[in-house]
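Notes follow the structure.
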Amino acid sequence: MAALINVPAKARRGEIIEIRTLTSHIMETGFRHTADGALVPRDIITSFTCRYNGTEIFRADLFPAIAANPYLSFFTVAKESGKFEFEWIGDNGYSSSASASITVE
Amino acid sequence: MPTTRRQFLNLAGSATVAGTIPIVTLRPIEATPAMLSAAIRNVVGEAPVRTGKVKLDIPPLVENGNTVPLTVSVASPMTAADYVKSIHVFNEKNPQPNIGNFHLGPSSGRAQVSTRIRLADTQKVVAIARLSDDTFWQVTTEIVVTLAACTEEMN
């Protein structure tokens, strides 16, 4: 459930800022077998969404080829002070969220 | 002169050899596997995919396929009139051809996405960008993987 979010605390209006997110998840591919031959069922995060003051600015569909503990970095234009909300959704009803605030001058 | 057994076998042998050579040479040396092209068609439809604009930053030699850093960037002004709608990353030889779909917009400011991926084998990675005018641009990179992901047993 733990997530690491890296958003600049302050930015100038119109500045392009980088947002980096890391969340802990096994991202079990569903292609691996145990030593006695049983298939390990898939358990991955399938969707990530970032909203900036309620507006979706970035969304990603993830597949088993994404490494464990998914890391995502992307950019956005700092328009106004407010809040970034992050949401991870996955198999077996997995859901996790985080948020970060920014001050835009 | 009646055909001897030896002559007949020689003839039959050479005919077989001549017959197999075209089959071998007809097989493309670097075929795009059907799964990869099907996954790409799923995203782009019938639209042509041009090469260029997209840049794929990934190490050419990977020691551990379980976590490979990857950055895709697209040359785009990212204005309301001309921006990148989405970036799609595919692979050639993992059990599944998709890696990730990333949806951007004009408010992204810069068309660049980074993540970490798994690679099961030495293979090609393809990144395709969909621009706001619905044209598709791609780049392909070959990556050598020493230790593959996905293949190990779970303890």
Against the conditions (1) under 10 Å from the mean Cα position of the chain (by Cα); (2) surrounded by 13 or more Cβ atoms within 10 Å (Cβ to Cβ), where does A:Ala11 fall short? Just the number, please. (1)
Return the residues of segment A:12-24 that are of a type in the set (A, V, I, L, M, F, W, C) and either away from every other protein chain (no Cβ under 11 Å) or under 25 Å from B:Gln96 (Cβ atoms) (or both); say none if nothing qualifies. A:Leu22
Considering each residue of segment B:64-96, count those that are of a type outside the set (Val, Ile, Thr), out of contact with any Pro (no Cβ under 8 Å at 6 or more places or on another chain) and closer than 22 Å to A:Leu22 by Cα, and give that number. 7
Single unsatisfied condition, A:Met27 versus (1) more than 9 Å from every other protein chain (Cβ to nearest Cβ); (2) under 16 Å from B:Asn66 (Cβ atoms): (1)
Given (1) out of contact with any strand residue (DSSP E or B) (no Cβ under 8 Å at 6 or more places or on another chain); (2) closer than 18 Å to B:Thr115 by Cβ; (3) small (Gly, Ala, Ser), where does A:Ser73 come up short, assuming only one miss? (1)
Looking at A:Ala11, A:Ala35, which is the one that is within 24 Å of A:Glu85 (Cβ to Cβ) and out of contact with any Gly (no Cβ under 8 Å at 6 or more places or on another chain)? A:Ala11
Cβ-Cβ under 7 Å pairs, at least 6 apart or on other chains, segment B:46-68 side closer than 16 Å to B:Lys124 by Cβ, far side of a type outside the set (Lys, Arg) and loosely packed, with under 11 Cβ neighbours inside 10 Å: B:Val62/B:Thr146
Residues that are within 7 Å of chain A (Cβ to nearest Cβ) and touching a residue at least 40 places away in the same chain (Cβ under 8 Å), drawn from segment B:97-138: B:Asn98, B:Asn101, B:Gln112, B:Val113, B:Ser114, B:Thr115, B:Arg116, B:Ile117, B:Arg118
Residues located in segment A:35-85, provided they are more than 7 Å from chain B (Cβ to nearest Cβ), assigned to a strand (DSSP E or B), farther than 19 Å from B:Asn98 by Cβ and among the hydroxyl-bearing types (Ser, Thr, Tyr): A:Tyr52, A:Thr55
Of the candidates A:Thr76, A:Thr55, the one satisfying the condition of being of a type outside the set (Asp, Glu) and crowded, with 16+ Cβ neighbours inside 10 Å is A:Thr76
If I filter segment A:87-105 for residues that are part of a loop (DSSP other than H, G, I, E, B) and modelled with pLDDT under 95, do I get at least one hit? yes
Enumeration of residues in segment B:48-76 that are surrounded by 12 or more Cβ atoms within 10 Å (Cβ to Cβ) and part of a loop (DSSP other than H, G, I, E, B): B:Lys53, B:Ile58, B:Pro59, B:Gly65, B:Asn66, B:Thr67, B:Ala75, B:Ser76
Exactly one condition in (1) among the β-branched types (Val, Ile, Thr); (2) facing chain A (nearest Cβ under 7 Å); (3) in a loop (DSSP other than H, G, I, E, B) is false for B:Thr79; which is it? (2)
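The values are calculated or read from the model by the stated rules, or taken from the named source; none is laboratory data. Note that the structure is a prediction, hence the values are computed from the model and not measured. Note that each Cβ is placed from the backbone with ideal geometry, even for glycine, and that neighbours are counted across all protein chains shown.
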